[in-house]
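Please read the structure below before turning to the comments.
The values are calculated or read from the model by the stated rules, or taken from the named source; none is laboratory data. What you see is a predicted model; the values in this text were computed from it and never measured. Here the Cβ positions follow ideal geometry from the backbone for every residue, glycine too, while neighbour counts run over all protein chains shown. These area figures cover heavy atoms from the full protein model, side chains too; ligands, DNA and RNA do not enter into them. Shrake-Rupley method; radii C 1.70, N 1.55, O 1.52, S 1.80 Å.
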Amino acid sequence: DDIIDDVEDFVAAAESLKDRGAYKIYIMATHGLLSAEAPRLIEESAIDEVVVTNTVPHEVQKLQCPKIKTVDVSLILAEAIRRIHNGESMSYLFRNITVDD
């Protein structure tokens, strides 16, 4: 998803998947707002891991729920800004940047 804030729909979907035989359930979202009771609901749910980028601070939520993992996108965002500023190709980012970068 693009934003994960109120996680009740994700928790319900995870329960449904688990009931239908899913072994592992991963939630991935670009922006992890994770407000209110989200960390507790995730921790108590069938969700195995929630992966979000570091576009929104969520360190407090991570302390409340070890299932929350963060992917650092700062380098790719910086490179995109640099390329736009210098009038360089953006398609390079999609062809040459790997997960390890």
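For (1) aliphatic (A, V, I, L, M); (2) exposed (fewer than 13 other Cβ atoms within 10 Å of the Cβ); (3) touching a Pro at 6+ places or on another chain (Cβ under 6 Å), each residue gets a yes or a no:
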| residue | (1), (2), (3) |
| --- | --- |
| ALA13 | yes, no, no |
| ARG20 | no, yes, no |
| THR30 | no, no, no |
| ALA36 | yes, yes, no |
| LEU41 | yes, no, no |
| VAL60 | yes, yes, no |
| PRO66 | no, yes, no |
| ASP72 | no, yes, no |
| TYR92 | no, yes, no |
Looking at ALA38, ALA80, which one is modelled with pLDDT of 95 or more and aliphatic (A, V, I, L, M)?
ALA38
Might you let me know whether region 28-35 holds any residue that is of a type in the set (S, T, N, Q), out of contact with any Leu (no Cβ under 6 Å at 6 or more places or on another chain), in a loop (DSSP other than H, G, I, E, B) and over 25 Å from TYR92 (Cβ atoms)?
yes
Which residues, counting only those in region 18-47, are under 16 Å from GLU59 (Cβ atoms) and among the small types (Gly, Ala, Ser)?
GLY32, SER35, ALA38
Does region 60-76 include one or more residues that are touching a Leu at 6+ places or on another chain (Cβ under 6 Å) and farther than 18 Å from ILE25 by Cα?
yes
Take the residues in region 43-54 that are open to solvent by 60 Å² or more (accessible area, probe 1.4 Å) and outside any helix (DSSP H, G or I); name whichever of them is farthest from SER74 (Cα to Cα).
GLU44
